[in-house]
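Any read-out appearing in this document is the output of simple, stated calculations on the displayed coordinates, not a laboratory observation. Note that this is a predicted model, so its numbers are computed, not measured.
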């Protein structure tokens, strides 16, 4: 597991590689918080993610929520997309689904 921060002047390219899981939650959280303190714009490269759980999804969501429109995904990941979709369609995740409009956008 790694989150590499690559300085690009006033922006930061965040390259995620390996497992973004509970096992690495503290280290991942520290890296994301450090990036949020130091940079105002972010490019996310998620292409190297091999496994993700709820903790990893939470950290990615934290970055995109706090960064807002200053966060741009430049390389996606089918694993992340599948995890997000499963979370939104899980009967146990009903409280996470939001409004019908938000569910339609996620599908």
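When each pair of different Cα atoms in region 2-101 is counted once in the 1/r mean, what is the Kirkwood radius in angstroms, to one decimal? Show your work: numbers first, answer last.
Details: mean 1/r = 0.0717 Å⁻¹.
Computed over region 2-101, the radius equals 14.0 Å.
Give me log10 I(q)/I(0) at q = 0.14, 0.21, 0.22, 0.24 Å⁻¹ for region 1-49, Debye formula, one equal scatterer per alpha-carbon, no solvent.
Relative scattering, expressed as log10 I(q)/I(0), comes to -0.31, -0.68, -0.74, -0.86.
Quick check: residue separation of residue 57 and residue 84 times 0.36 nm, minus the Cα distance between them. What number comes out in nm?
Numbers: separation 27, 0.36 × 27 = 9.72 nm, distance 0.75 nm.
Extending this stretch completely gives an extra 9.0 nm.
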